[in-house]
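Laboratory data are not the source of any read-out in this text; all were calculated from the coordinates shown. As the structure is a prediction and not an experimental result, all values here were calculated from the model. Glycine also receives a Cβ, built like all others from the backbone with ideal geometry; neighbour counts cover every protein chain displayed.
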Amino acid sequence: MRLLLFLCFMKAIDKLEAEVVDRIYKLFLDKYAGNKSSFAKASNCSETTIRRILRNEQGITINLLVRMADALDTTSSELLKDLHLKNEE
């Protein structure tokens, strides 16, 4: 039973992260017009990292979330605003 609850929780976390990435992607397209290299430089990370995150192949650390938010002229709080973990059973 605990394993099932844990798996449901992880699935919900993955959905939240996908929503955050979607928000980042929309802002990225608006500000950087799809230029991953410029976004990576402004976020102080590699273009490979940007590519992996935007494809949901890599998770985002809090540190990187803050740097990406800054590069997008927003805040991490704004990117996380109104996200809610829902219990899906």
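Would you work out the charge dipole size for the chain about its Cα centre, treating the Cβ of every Lys and Arg as +1 and the Cβ of every Asp and Glu as -1, and quote it to the nearest 20 debye?
240 debye
Quick one: what does P(r) look like for the chain with 10 Å bins over all Cα pairs, in whole %?
17, 48, 23, 10, 2
Report, in listed order, any pair from LYS11/LYS81; LYS15/LYS81; LYS15/LYS41 with a Cα-Cα distance greater than 22 Å.
The pairs that break the limit, which is 22 Å between Cα atoms, are LYS15/LYS41.
Starting from 0.36 nm per residue, how many nanometres of slack lie between THR61 and LYS31 once their C-alpha separation is accounted for?
That works out to 8.6 nm of additional length.
Whole number please: convex hull volume per residue, Cα atoms of the stretch 1-47, in Å³.
Spread over its residues, the Cα hull of the stretch 1-47 gives 73 Å³ apiece.
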